[in-house]
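Have a look at the structure below before the remarks.
Read the figures in this text as sums done on the coordinates, not as results from a lab. These numbers were taken from a predicted model, which means no experiment stands behind them. Cβ: placed from backbone, ideal geometry, glycine included. Neighbour counts: every protein chain shown.
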Amino acid sequence: MDFTNELNKLTNLFEDELSKMLKKLSKEIYNPLFSAMEYSLKAGGKRIRPVLCLATANMLGIDSKQVMPFCLSVECIHTYSLIHDDLPAMDNDDFRRFKPTNHKVFGEALAILAGDALLNLAFEILFNNAEYAKDLKSYIRASFVIADCSGAKGMAAGQALDMAEQKEQNKETLHLLQLNKTAKLIYASIVPVGILANLDNKKLEALKVFSENLGLAFQTTDDILDATSDISKIGKNTKKDDNLNKLTSVKVLGLDKAKEQANEYTDKAIKTLEVFDNSDLLRQFAESILNRGK
């Protein structure tokens, strides 16, 4: 299997659906607000979360149309989180994906509102597509996972931890931060597909362990990139975590140990895929996480 080719197919499939959705919304949403929403949704990026959703569906034999609402929903939530994360009150970033951040283009007020609107849009998408669900009970359970992972027990909690002054920078607090800030939204991209597929408990648990460890590997690698890379490679300012005394893998473990930790998370994620057939794409995806920014 050609990993890059398969990845491009799934990315293009998602981009087509996103473009259709934005074309429709452009006629329905007040223009300045729509422009701010569209700017960040179309700002680039690797579409990691929707592609993971589609790749999981492919592995489990589910039609892409069945999971597309979940792909769009999670990407809207992810994009809103980036807009808000870049704001002066949070990380105060000037660039994202090689472009000026949303508030630098549209101002802080409209950037906040664009983020709010994208979060709401995520659930509008899920509600609007519920009537087409093959199994409404599973659809609702899967939708709840997205809400749970993005709220006060998930990503929002992780962001709050990230903003807090960390007097005790230890492994336990680091794990909690990374699990909520990053891994929960990776989890929300993958586990709902297993629910839609009505997986048995063993396989659903494997999917949960895979997604959590993939998310932890992703954030650990992100910490490493912030410490070692530059804007020309990853499209945003680096070295900020250290300057702001943020709680990161590099800060707590040191660079070499952080790299070991990223490898361990990746190995654990890949091992859990052994219970599935046709898991090559997800396995290669996990391996590619370690090569980001290289």
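Each Cα pair under 8 Å and six or more residues apart adds its separation to the average, and for region 3-289 the resulting relative contact order is 18 percent. Only one residue of 132, 190, 122 has its Cα farthest out toward the positive end of the dipole of the chain, where Lys and Arg carry +1 and Asp and Glu -1 on Cβ, and that residue is 132. In sequence order, region 91-100 has phi-based couplings of 8, 6, 9, 8, 10, 8, 6, 6, 10, x Hz under the Karplus curve 6.51 cos²θ - 1.76 cosθ + 1.60, θ = phi - 60°, and Gly or Pro positions carry x. Considering only 54, 25, 3, and ranking their Cα positions along the charge dipole of the chain that arises from unit charges at the beta-carbon of Lys, Arg, Asp and Glu, the one farthest toward the positive end is 25. The amide H of residue 199, built 1.01 Å from its N in the peptide plane, has no neighbour under 5 Å, considering only residues 5 or more places off or on other chains. Put a plus charge on the Cβ of each Lys and Arg, a minus charge on the Cβ of each Asp and Glu, and nothing anywhere else: the dipole of region 3-289 about its Cα centre is then about 360 debye. In the elastic network of the chain, a GNM with C-alpha springs shorter than 10 Å, the most mobile of 117, 89, 43 is 89. The H on the amide N of residue 96, modeled in the peptide plane, is under 5 Å from the matching H of 101, each at least 5 residues off or on a different chain.
Starting with the fewest neighbours, write out 132, 80, 139 ranked by other beta-carbon atoms found within 10 Å of each beta-carbon. Each step should come with its number before you reach the end.
Details: 132 11, 80 26, 139 22.
Placing the least packed residue first, the sequence is 132, 139, 80.
Each residue of region 110-115 was assigned a 3J(HN,Hα) from its phi angle through the Karplus expression (A = 6.51, B = -1.76, C = 1.60, θ = phi - 60°), giving 5, 5, 4, 5, 5, x Hz with x at Gly and Pro. Straight-line cross-link partners of residue 27 among the aspartates and glutamates, defined as a Cα under 16 Å from its Cα and at least 8 positions apart when in the same chain: 38.
Loop-located trypsin sites (Lys or Arg not before Pro) across region 106-179 with a Cβ neighbour count of 16 or fewer within 10 Å are 134, 153, 167, with loop assigned by DSSP. Taking GluC sites (Glu not before Pro) as exposed when DSSP calls them loop and at most 12 other C-beta atoms lie within 10 angstrom, the chain has its longest site-free stretch at 29-164. Between 88, 113, 142, the Cα set farthest toward the positive side of the dipole of region 43-178 (charges on each charged residue's Cβ, about the Cα centre) is that of 142. By the rule of a C-alpha distance below 13 Å, with chain neighbours fewer than 8 residues away ignored, the aspartates and glutamates paired with residue 46 are 15, 75. The aspartates and glutamates within cross-link reach of residue 257, meaning a Cα-to-Cα straight distance under 20 Å and a gap of 8 or more places when in the same chain, are 168, 172, 212, 222, 223, 226, 241, 242, 267, 287. Which of these, 227, 262, 109, has the largest mean-square fluctuation under a Gaussian network model of the chain (Cα springs below 10 Å)? Taking springs between Cα atoms under 10 Å, the residue moving most is 109. Taking Lys and Arg as +1 and Asp and Glu as -1, the other residues whose beta-carbon sits under 12 Å from that of residue 148 total +3. Other residues within the sphere of radius under 9 Å centred on the Cβ of residue 18, judged by their own Cβ, net out at -1 (K and R +1, D and E -1).
Across the cross-link table entries 104/184; 65/153; 134/171; 153/271; 99/184, which are compared at the Cα atoms, the separations over 31 Å belong to 134/171.
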